[in-house]
Every structure is written in C-alpha cells, then in structure tokens.
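Each reported figure results from applying straightforward, stated rules to the coordinates on display, with no laboratory input. These figures come from a predicted structure and were not determined experimentally. With ideal geometry, Cβ positions are generated from the backbone for all residues, glycine too; neighbour counts draw on all protein chains shown.
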There are 2 protein chains.
Amino acid sequence: MVAKMNPDLKKERENASFDPEKITNFLYGGQESVKRKRELESLALNDPDYQHEDLNFMSREQQYETQLKKGILMVTKMKELKITSAQDQLFYTSAVLVSDVHPMSVHTRMFLPTLYGQATEQQKDKWLKLAENYTIIGTYAQTEIGHGTFVRGLETTATYDPKTQEFILNTPTLSASKWWPGGMGKTSNYVVLMAQLYIYGKSYGIHPFMLQIRSLEDHKPLPGVTVGDIGPKFGYDVMDNGFLSLNNVRIPRENMLMKYSRVEPDGTYVRPPSTKLAYGTMVQVRAGIVMFSGMNLAKAVTIATRYSCVRRQSEMKPGHPEPQVLDYVTQQYKLFPYLAAAYAFWLTGQTMMSVYTTSSSQISKGDISVLPELHALSAGLKALSSSMANVGMEECRLACGGHGYSHASGLPRLYTNATPASTAEGEHVVLMLQTARYLMKSYNQSLQGEKLAGSVAYLSGVQLVPAAGRTRNMLDLGALCDAFRHRAARIVGEAAAQLRSEMQGGKDQADAWNASSVDLTKAAMAHSQYFVVKTFAERLTDSRLDSSISAVLTRLCQLHALHGLVTNSGDFLEDGYLTGSDIRQARRHINALMAKLRPDAVALVDAFDFPDGILNSILGRYDGNVYQHLLEWAKASPLNKTDVHQSYHKYLKPFLEANRAKL
Amino acid sequence: MVAKMNPDLKKERENASFDPEKITNFLYGGQESVKRKRELESLALNDPDYQHEDLNFMSREQQYETQLKKGILMVTKMKELKITSAQDQLFYTSAVLVSDVHPMSVHTRMFLPTLYGQATEQQKDKWLKLAENYTIIGTYAQTEIGHGTFVRGLETTATYDPKTQEFILNTPTLSASKWWPGGMGKTSNYVVLMAQLYIYGKSYGIHPFMLQIRSLEDHKPLPGVTVGDIGPKFGYDVMDNGFLSLNNVRIPRENMLMKYSRVEPDGTYVRPPSTKLAYGTMVQVRAGIVMFSGMNLAKAVTIATRYSCVRRQSEMKPGHPEPQVLDYVTQQYKLFPYLAAAYAFWLTGQTMMSVYTTSSSQISKGDISVLPELHALSAGLKALSSSMANVGMEECRLACGGHGYSHASGLPRLYTNATPASTAEGEHVVLMLQTARYLMKSYNQSLQGEKLAGSVAYLSGVQLVPAAGRTRNMLDLGALCDAFRHRAARIVGEAAAQLRSEMQGGKDQADAWNASSVDLTKAAMAHSQYFVVKTFAERLTDSRLDSSISAVLTRLCQLHALHGLVTNSGDFLEDGYLTGSDIRQARRHINALMAKLRPDAVALVDAFDFPDGILNSILGRYDGNVYQHLLEWAKASPLNKTDVHQSYHKYLKPFLEANRAKL
C-alpha cells in the first residue's frame, strides 16, 4: 500500500504559484540533465545489492566496515555500468552513499588527481593503471599533527642519497607525524607524501613522493612505517583518517612526482617553470565547496521547511486548531533567509565553476594572469559560503525543535559531515585574509590610477562619500546591489587606510597587517557578499526563465539581499549611505516578502529535487508522514533489541535489590 | 615522572598581571567554597573505583551500560560519603561523570523534585522514601511526539472512573506517544505522567500522575505499556530517552499528585488556589541554564585559549619562528569576545539565581506579584545565554582548526551535550516572545503614567529621541550601559508602535502579534543584552575585588559591551544615538583591549578552575602537552586494536586480488 501524503504537505503543493520542475531544470542545467540525474539516483537507490543500512545505529567500527563494503561494491558497479563522467559519478555516488563518504573516497578525490596532475608520463605508465583499477589504494598525506594551513611549515623530510639514488623519508619530530589523511588509518596501501626535500644538506621545500605504506601481500605496515587511525571525530565516522610516522624509509628516486620539479640522479635539482600552477586545482576545489555549501544548506532547509508544515504547535488564537509551525513569522524568519542563501550559493557556485573553466583554458595555454583574481575570489566565496552553511544548518536543526536533535532528522549527520568544509582546504580567516591581500593590492593600484578589471573593477569607480538625501526603493535589485557595492568599497577603503596608518605609526608591514586584520577580514567578507548578491541578481536575467519562476526567484534574491542588509545594517548606516528610514523600509519589505514566499516555500524546497534516499531524514520525508516513521525508526534502535536490556541484570537489578533490602 | 609543562604555557602563566586564584574565589563565592569544590573534585577524580573510561571509543549501547554502572556506583558513594547539599552534589557529580549525565539523572533532577513539589504529605509518605533510596527509579513524562513547548496541547488522557475510583490512562493517537523523557527507554520503572484529566466527559487540563511502567520483579513493561528507547541523537549518547504509549492502563485515584488540584472519590474536581505556583521551579531551572551556559562557554574558551598558546602556525614575518596562534589578532577576535561572554553569563547567572532566592521567599509567603517580572527576565536570559553559548562553543571548536573536530578536543561532546539547552525548558523564540509580552505590557503601563519597577524600570524614564552631537567616551561603562539601555528602550518602543499599527490596520491581536514577532523578539533580545551588560558592570563594583583583578575584569566587561555594540551597530546608529565616529572609536578600543587582554588570557581561563578530569580535552590540557597525548589517545582507538583490521580479510583483500587478476 502506498502511504498517503500528509494532507498539510499536499495542500502546500497544490497552492504553490509555480511548477517546481521548472526551477529544478534551472538549477541542474536543463531537462536532460535532470533526467539523467534521476536515472542514476534511482539506479543507486533501487539496486537491491545495496542495503542502505542506517549508520546511526552502528558503532564506528561497524560504520567503517559497512561503508568499506559498500564503497567496494559501488566502485565495481560504476565500472560495470560505465558511469564515467564526473557529473554522473557525483549523482550516482551521492545516492549510493546516502550523502556520506566511504573509506576510499580520497583515492578518487585526491590520490588519482595528484597522479594525473603531478606525475610524469613515465610515472603515469607505472602507477595510473594500478590506481585506476584499484590494485593499489592511495591517499594524500599532507597535513601533520603540528601543521595544517601553513604548508611550508611541514616537517617530514625526504633526504636524497645520491649513492643509492634513493630518498630517505623521516618524521623528525612528534609534531611532524602525518595526521588526518582520509583512508590512511586502515585502508590505503599507498600515499602521496608531501615532504621537505633535502639534497646535500640544502632544503628545497615541499615536494610530492609516492610511498607504499602497507604490504600488498598481507596489508601489514612496511618496515619503518607506523600507521593507524586517529580516533573518533565529530563526524565522518565511516572514514579512517590516519596518522603516519616514518623512520628511515627508503624509496627510489623515481618515486618523487617529477612533472614540475626534478631531482637528477647526481642530486641536481631542477626547478619548476612556475610555482603557481598548483593553484588551479585549489580554485576548482574551493569553487566546488561553494556549490557543496549551497547544496548542504538546501538539504537542511528542505528538511526544516517540510517539517514546519507538518508540525502543528501552540495556539495562535484561542479555540483555533494548532497552526502549522511555518505560519509563525518567526519561523519564516529562521528559515527563509537560509532558503534564499541556499539558492544564492548554489547559483554562485555554478558561476564560480564556469569562471574557473573559462580561466583554466587560458591557464593551460600558459596565461597565468587570471590566477590572482580567481584565487582571491574563490578563497573569499569558499570562506563565506561554508561559514554561512555552517550556521544555517544548525539554525535549521534548532528550528525543528527537539526532533531536530534526533539522528532521525538527518540534520546532526548532515552538519557534522559538512562542517569540516569551513576548516579544510584553507581555514576561514586565513582565506579571507588572502582575499583581503588581493583587495588591498587592487585598491592601491586603483589609487595610482590603474583601471581594475574583474570582480574588483568596482573599487576604482565608486564614490566613497554617499550622496545625501536620496530616496531609495529598497526592493529594487539594482539599488540593493549598489548598496552592497558601496559598503564593500567603503570597507575596503577604510581597511587600506587603517593599514597605512598603522605603518605610519611605526609598525612594520607584518605587524600593521596583523593589527588591521579584523577590518581586513571584514573587507573580504563585504566584497564576497557583494559578489554573491550581484551574481544572484544577474542569474535572474537569464532569458530562459519563465515569468512564474522568475517572480518567485526574484523574491528570494530580494530577501537574500535585504536580510544581509538588515543583519549588517551598521555597515550601511555608518557613513550615512543608508538612513534609519531605509533600514525600517527594508525590514517592512522582509516581512512582506516572507508573507509572499510562504505559500511557495514547500515548492521551493521540492525544486532542489533531493530524493528521500539522499536526504535521509524522517522529518524531511517527501510524504510528510513523520511521526509514524519516527516511531518505527526508534523501534529499530539497538537498545530496543530486547525489552529488558542486559544491563538490568548486570547492574540495575542488584542495585534495586540491595536498596530494597536496606529499607 | 611528572610531565613538564609546555614552555609556552609556562611563560603565559608567568607573565599574567594577576593571580588567577583571586578570580577563582570571586567566581565560586569565596575561598572556602573553592576549597570544598576542589576536595570533592579530587575525591571523584582520584577514586580508583571509577574507571573514567573514554566514552568516545564506545558504541552507544556500551556508553549507556558504562554510565549506568558509574551512576549506580556514584549514587551509592554519595550516600556513604554524605554528600548531600545541592552544591556539593554538583561539584562531585560533574567530576565523576566527566561533565556528562547518567541514565538516572532525571530521577534526581526532575522525578524527586516533582514529588517534593506536587505530592501531598500522604503521597510523600508512600513514595518519597522509595524514590530517595532508589528502590524505585523514576522519570518525568511530559513531552509527546507531537507536542513540546505547548503543554496545553498534550493529548495523553487520564479518565476518571468513579466506579472503581481509578484513572484510565490512554495514548489516544500516534502523536500522543510520550517522547524524550530521559531514562525512560530502558532504566526507569516509574514515571510522573502529565496527562489531560477527564471526569464525566469534561476536560480539566494537564495534571501529574504517578505511574509504574515496569515490573519491580523482572523489569518487563507492565500490561498496556509500550515503552522503549527513541534511538540515537546528536549527543546524550549515554541517556536512554524514551517513548511510551499506554493502552487502558488503570491506576488508583491516589496516584494523581494532589498537592494543588484534587479529584474526590465521587469525581468532584477541586481547583488549585493559583495556577501560577508552578512557575517558581521553572524560573529556577532557567536561571540555572544561564549559569550552565556561562560554564559551558567557559570550558570551550579554556580549551581553545590554551591550545592557541601551544599551537604555532604560519609565518608572520619572513624567517621568524611560527608564532603562537593567539598572537594573531583575528584569533583573539574569535576567542576574547566569548571569554568575556562566559564571564558575563557566569556572573549574570549568579545574580539571576540570587534574585530568584529572594523572590521565592516572597512567593512562599503567598506574594506572587514578583512572578511576572521573574518569569520574563529568566526567559529572556535563558534564551540569550543558551543561544550565545551555542554559537560560541562552535566558534571555539572552529578556532582550534582541524584538531577541534576530533573527539580528542572534547569540544564536539561539549557542544552536543550542551546545545539542547536552547531548545529544552522553552524554545528560544517562544521564550523571547514571552519576555516581549511582558515588555509590551510594561511599556503600555508606562505610557499610561504608571511607574515601572525592576528590570523594566528604565522603560518609563528613557528619552527616545537622542541628544545630538554628544561626545562619548566609548570605554566608559556608564556610557556603554546608557547606550544599551537606550537601544533596548527604542526597540521596545518601536515594536509596540508596530503592534499598534498592525492592529489599527485591521488585524486582530493574534495576527498583529504574529506580524510583529520578528521585532518583538529583537526587543526582548535587546532588553536581555542590556540586563547582562548592566549586571556585569554592577558586579565589578564589589568592594571585595582587589585592584589587579578588578582592572582585568573591567577590560572584559568593556570588551563584552563594545563587541555587542559593534556587532549590532545598526541598532545604535539607526536613530542617530551613536554616530559613525563612535562606532569607529569602539572598534579601535576593541583592538586595544584585546592587546591588553592577550597576556592575561591563559590566567583568565585558568581562573575558571576546571581540572583536566572535568574538561576532558587533550587540546585544553593544563600542562599543554597536546601532540604527545593526541597520539597516545589515537593509538587507543578501537580501530587500532590490530594492525590489520578484520575488514581487510573480509572485503579489501578479495577486492584487491580480483582487480589484480583482471589487469
């Protein structure tokens, strides 16, 4: 029997002002792409070979084993089914893994790409086939227990021995232990090891080396190798992130990945043509995180929005039935700004990715002039989107009240697996300061009369002193973009002024930078927010959008901008660019927009098109049958295997009996 | 051998401007109290009978069993050791349980207090001794799967049958299943059941009933009782939160707790003298959460601050050694505002608790006039402090970079166990709106010329139109309190105006309230923040404070106020009360205060006096020997029991061999 849809959700869907399918097509790049996505998802979700066990009911060891087994099956099936494009693999694996990873994920995501990118042709001949066919399983070993973001500080050494033409690998100190690489703890038998290269006592900086760490016969660590799991974490339970220390491990000279730098047999070091080429991949990864942040936020908002329509609570009017929670304006104010932000980052992530694609063809032709712009933009957007997703996912969980706290909601696991995005691949503040460095450089160039291009072009044109007494329509996307642009330009200008003044006050550049860094971070944030607002607005000028969806998306874009404006209202008021009455107008518009978005909320989250199997949330079920499934899920909890738990006989019974005897 | 202290932490401690012991005495109410605290903690932490196993390495079932065993031992020992006062029990149990709970915690925290508060003398004679001596173990069953904050909406029924003089208990619908009570899943054999009372078909609202749910012989659920664990959650792994449904379960009339309301044998219902008396306990619980939020934030800040002095990262100046992370101004800006907030809530929690104590003696004399004020104040402060602690604990985790994500940091478990505080005992927005309701009532009274007292007295006196052109010293605590007062009064006034205008526009009261609720929440927030700033400043006028600690605490108070001011700068700028130049001055002061606080940071967290055994964090260790202990901890991870995990033989080996064969 097919379960009936919850009547409240049914009504929501009937009353929407547009067909969500149209937005789905817009979000995924067209009807064909959506069709393919659904085929692959259904292939993964309906394949009886996958058991889709609930990881929440397992110990960490069981989770590791379960997902290793699933990962192996998945890799085998993808080959059989010829699922080869990156896009197709993403759709298929997200569904198979129920939005999680598996212990060999880093093999695909980093080990293989590093071989493609850093190995010579000869090296590729030797290793690629082995790796592509999983006869070796690798990971990428960069971070150390004492070293993260600052790659130059890594301590692991690779000392060249010209006599034997080998590198001798060592972990010279406790803080040099490799730490974090996914899949290294128990699974991988190979790593790409990032280490300080020494030749004849001289240091040449960080280089990549192919290193076998476990026997291909019995999987035991090789001599000189100490390796293991780093222990349980907030999330990523299924992943055996590992530690590794090396004691005089020798590898042949040919194991250094030499596409760029080389060490000749006699120990001669040959420099790479450019040190900036590695940037390209990093930009791609960061652009991916913008998209990924938008999607994770979209998942959380989907769960919370559907549940808020099913959940009825309190009494708005005496004697009336309990209203749907989403009818409370405060609940709308919790969720709708994140609904808008999810759309904003989803679309900005796509734009960022296509900027990357265009630029990388230039880069591959040797033109690296676009790199600083690309790098600064992707760093700021990665930091902004991942931190906003972090906060937003937790707000969505809290907006589900008590049930959000249960693993049945899907929200805790979504959060704990997604939150590393704001630390990994460049920590939030570190990245914001990299963007700020580019902004300062660009701003100073503009002061010297240079014309700026790209994302910072506006820094040369903007009037920093606001025109007083203007009347603004705070709903107008042009006016909103202007306001965000003005704010960014002003804050960039003030950060530059502060930096100058710290240096004039006698600080050297490093100290002045540090002393100004809170304001510099703020400048990078304002710049990134402006880019997102502008990109969101620009994407809505797409002529393929029909009027029904362009109307509702425009409301979301207005809400996104207005909410950013009122939550940072001081930034717009500080120099008088906006007035108190503008801000009050903005708040009234937000209320009005929320009221207009309310009937479309469910359709707007349906449009993200996450099947239940991927969302993995009882609160967010498409059919809205929440309570019945909560109860069924609870009954399957391991503690409920028996009516009376074994601990009763071991501990509770003797305790109760002893107490009774004493009375 | 005693491990040496990390040299960086040693230096920090040597360079502090004050003796942390003095602040510890201030925070815990004197030297004697600190001495007693340490005795109890050391009793708990050094007792070899407790094994203090690492729960992070266990499955949820193992965690439940381990903590049940520990809880039983603890209850027995507390009796032997005659640890009886609430304060002493808190110190002892926090240490035994390593900041966690045990499956019988709700027995002590809610079941017993409910019996004390709601049972008649006769009922106390019957049950109290049994409960106090743990021959019965109880919990408090209020929330249902479909009903949380709105108590009147509960559906469980207790129908009086005058023929047999019994109540018939039922769970009439799916959404009426009891859901969440701690310890109900597997442990308790009794509950206080909150149910809708029906007599002769008429409803009399929610009342408490004593109900046995499991056999005292074999612990099996009694006939008509379906009970079990609700499954894994974000945190509270050790707790068997439960579900319960009842099918025609009969209990004697005497099982209704009848201190206030009564049902006579013939079915006559006797009303309670006042329905507001139950408020008192709620206020106490909420005041406790303010304190608890301050303490949890203090723990997180302690971990992150110590670690930020041990961790060295990046290169501030070319060729120089890697600086301590806390020397980055951005890192100070992440942590110091939360350090200040931890102090703010710790002190405000104490003040709130003493206001409660004073008021409750009035209440016990029958004067319930103080209740609305007490209720509104505690609601707003609970909501503010728990949400700020929520955000702050996560910021502290993120400030620890990658290692913050490991359970070794202690931060994930701290967060997941503390975050329910912002949902339980009244959801954030619901509570803020309760405070807002009192603010609106008070404000309207003041408009009608009534003089207001207590926390809202300022609403009648404040000039809403700011005096223009004033020069302010933004470091002056008086000026800062004035600014927060003005902001609160203005926002309260505007929310009231909006509410009026919505009603004048034709909305009924409920709709107008809902339409204004975002602004009403904002008003309650501004009111609560003002109270915290003012309370923090007032506590510093304590004449027992010596000058060295009063200087550093004043800096914290200034930072707390200034940070609140710049992060909400729009609120102060909107009506021109502050100017852009005031805000810029505030930002400069924040930078200067952080530089002054930097050398005292470690001493300020040491002053919280959390022993390592309670902090339970490798990153936050007092001796700072982080990396060595991270490695040791990791080696104890269950996945490292064998070099080669069993999953290799089961899954990985066949996979690798098959792939090799195919090549």
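When +1 charges are put on Lys and Arg Cβ atoms and -1 charges on Asp and Glu Cβ atoms, the dipole computed for the range A:7-102 relative to its Cα centre reaches about 260 debye. Is the C-alpha gyration tensor of the range A:529-580 telling us rounded, prolate or oblate? Criteria: a/c under 1.5 is rounded; beyond that, a/b larger than b/c is prolate, otherwise oblate. Prolate. Beta bridges per DSSP, both residues in the range A:89-193: antiparallel share near 65 percent.
Structural descriptor for the range A:7-102: relative contact order 36 percent, calculated from alpha carbon pairs under 8 angstrom and at least 6 residues apart.
Placing a label point 7 Å from the Cα of B:Lys202 along the Cα-to-Cβ direction, the distances to the matching points in the other copies come to 10.0 nm, shortest first.
Measuring nothing but how far apart in sequence close Cα pairs (under 8 Å, 6+ apart) lie, relative to its length, the range B:225-300 scores a relative contact order of 17 percent.
Across chain A, Cα pairs under 8 Å and at least six residues apart give a relative contact order of 15 percent.
Diffusion coefficient of the range B:7-102 by Stokes-Einstein, Kirkwood radius over Cα pairs, 10 °C, 1.306 mPa s: 103 µm²/s.
Across the copies of the chain, B:Gln628 has label points (7 Å from Cα along Cα→Cβ) spaced 6.1 nm apart, shortest distance listed first. Charging the Cβ of each Asp and Glu at -1 and of each Lys and Arg at +1, and nothing else, the dipole of the range B:493-556 about its Cα centre rounds to 240 debye. In chain A, taking the dipole from charged Cβ atoms about the Cα centre, the farthest positive-side position among A:Cys309, A:Phe292, A:Val238 is held by A:Cys309.
Distances between copies at B:Glu121, taken between label points 7 Å from Cα along the C-beta direction, are 10.1 nm in increasing order.
A dipole drawn for the range B:7-102 from +1 and -1 charges on Cβ atoms has a positive end, and of B:Val96, B:Met78, B:Asn56 the residue lying farthest that way is B:Met78.
For the range B:161-176, 3J(HN,Hα) computed residue by residue from phi via the Karplus equation (6.51, -1.76, 1.60; θ = phi - 60°) reads 10, x, 4, 9, 6, 10, 9, 9, 9, 9, 10, x, 9, 4, 6, 8 Hz, glycine and proline entered as x. Computed from the Cβ-Cβ distance with R0 of 22 Å, the FRET efficiency linking A:Ala592 to A:Lys317 stands at 0.50. Provide the percentage of antiparallel DSSP beta bridges, counting only those with both residues in the protein assembly as shown; round to the nearest 5. For the protein assembly as shown, the DSSP antiparallel bridge percentage is about 80. Computed from the Cβ-Cβ distance with R0 of 51 Å, the FRET efficiency linking B:Leu216 to A:Asp482 stands at 0.10. Rounded to the nearest 20, the size of the Cβ-charge dipole of the range A:349-421 about its Cα centre is 160 debye, with Lys and Arg at +1 and Asp and Glu at -1.
Here's how it looks for A:Thr120: its modeled amide H is under 5 Å from those of A:Met258, A:Lys259, which are all 5 or more places away or on a different chain.
Exposed loop sites are taken as trypsin sites (Lys or Arg not before Pro) in a DSSP loop (any state but H, G, I, E or B) with at most 16 other beta carbon atoms within 10 Å; the longest stretch of chain A without one runs A:164-275.
Residues whose amide H lies under 5 Å from that of A:Arg250, counting only those 5 or more places away or on a different chain, are A:Leu169; hydrogens are built 1.01 Å from N in the peptide plane.
Looking at the range A:187-244, the chymotrypsin sites (Phe, Trp or Tyr not before Pro) that sit in a DSSP loop and have at most 10 other Cβ atoms within 10 Å of their own Cβ are A:Tyr200.
Taking the fewest neighbouring Cβ atoms within 10 Å as the starting point, the ordered list for A:His147, B:His102 is A:His147, B:His102. DSSP beta bridges confined to chain A are antiparallel in about 80 percent of cases. For A:Thr139, nonlocal amide neighbours, meaning residues 5 or more places apart or on other chains whose placed amide H falls under 5 Å from its own, are A:Tyr190, A:Val191, A:Val192. In order along the range B:183-197, the Karplus-derived 3J(HN,Hα) couplings, from 6.51 cos²θ - 1.76 cosθ + 1.60 at θ = phi - 60°, round to x, 7, x, 9, 9, 6, 10, 9, 9, 8, 9, 8, 9, 6, 8 Hz, and Gly and Pro are given as x. Over all projection directions, the Cα-based convex hull of the protein assembly as shown averages an area of 50.9 nm². Shielding by partners for peptide B:649-657, expressed as the average number of C-beta atoms from other protein chains within 10 Å of each residue's C-beta, is 6. When A:Thr108, B:Thr521, A:Thr139 are arranged by Cβ crowding within 10 Å, least crowded first, meaning fewest neighbours, the order is A:Thr108, B:Thr521, A:Thr139.
Each of A:Ala344, A:Thr139, B:Asn616 was scored by the projection of its Cα onto the charge dipole of the protein assembly as shown, and the greatest displacement toward the positive side belongs to A:Ala344; charges sit on the C-beta of Lys, Arg, Asp and Glu.
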